[in-house]
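The values are calculated or read from the model by the stated rules, or taken from the named source; none is laboratory data. Remember, predicted model here, so these are calculated numbers, not experimental data. Don't worry about glycine lacking a Cβ; one is built from the backbone with ideal geometry, like all the others, and counts go over all protein chains shown.
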Amino acid sequence: MNKTLYVLLPALCAPLLAHAETPMLIKIPRLTLEASEKLAQATVAACRKQGIQIGVSVVDRSGDVMVFMRDTLAPRVTIEISRQKAYTAVNFNAPLSTLESRFTQPFSVGKVDGLVFSAGGIPIEAAGNIVGAIGVSGAATGAQDEACAREGLKAIAFDLETAGI
């Protein structure tokens, strides 16, 4: 009987040991307000160079707005569209230009309120972790919106690459 216990003991304790190695807390990287502002300003500047007035939203990893900016002549509708683009990009962790034709059926995910599958939303990553997203609205095409967002991301690219997470 004792011999059986010694054989079974390691097998019974293995799940407990594996569980003990699992951390109780997880460090979650966050995009700072300062980085969000810098990104939004650089994005507006990139579109202005092309004569385009936009609205830009930067959201955190949960999809909550950190910063919103609307250029002087950008239409009011850019407020909600840019927010929804950023929200969608962070939740699907993909540039929206890669998802535009993915959800085309009448009752697909793409028809859920609050989601927009139009180019101009890009997730933001730092050290392999998603930390937020940017959404741009106001250009004549989604491709132009996305180009401005990508230019804006260059303003914080070094900081994202060297983030000590």
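Out of all the residues in the stretch 141-156, which are closer than 20 Å to L115 by Cα and outside any helix (DSSP H, G or I)?
T141
With the requirement that a residue be free of Cβ contacts under 8 Å to residues at least 60 places away in the same chain and part of a helix (DSSP H, G or I), what does the stretch 55-81 give you?
Of everything in the stretch 55-81, those that are free of Cβ contacts under 8 Å to residues at least 60 places away in the same chain and part of a helix (DSSP H, G or I) turn out to be I79, E80, I81.
Report whether or not D71 is at pLDDT 90 or above and either of a type outside the set (F, W, Y) or out of contact with any Lys or Arg (no Cβ under 9 Å at 6 or more places or on another chain) (or both).
Judged against the criteria, D71 is a match.
Take the residues in the stretch 109-160 that are in contact (Cβ under 8 Å) with a residue 12 or more places away in the chain and among the charged types (D, E, K, R), then tell me which one is nearest to I54 (Cα to Cα).
So, considering only residues that are in contact (Cβ under 8 Å) with a residue 12 or more places away in the chain and among the charged types (D, E, K, R), the one nearest to I54 (Cα to Cα) is D145.
If you check every pair at least six apart or on different chains, which have Cβ atoms under 9 Å apart with a residue in the stretch 16-35 that is on the phi < 0 side of the Ramachandran plot and charged (D, E, K, R) first and a residue that is modelled with pLDDT under 80 and assigned to a loop (DSSP other than H, G, I, E, B) second?
Taking only residues 6 or more apart or on different chains, the pairs are K27/I165.
Mind listing whichever residues of the stretch 39-54 are farther than 14 Å from K154 by Cβ and free of Cβ contacts under 8 Å to residues at least 40 places away in the same chain?
Listed by number, the residues that qualify are R48, G51.
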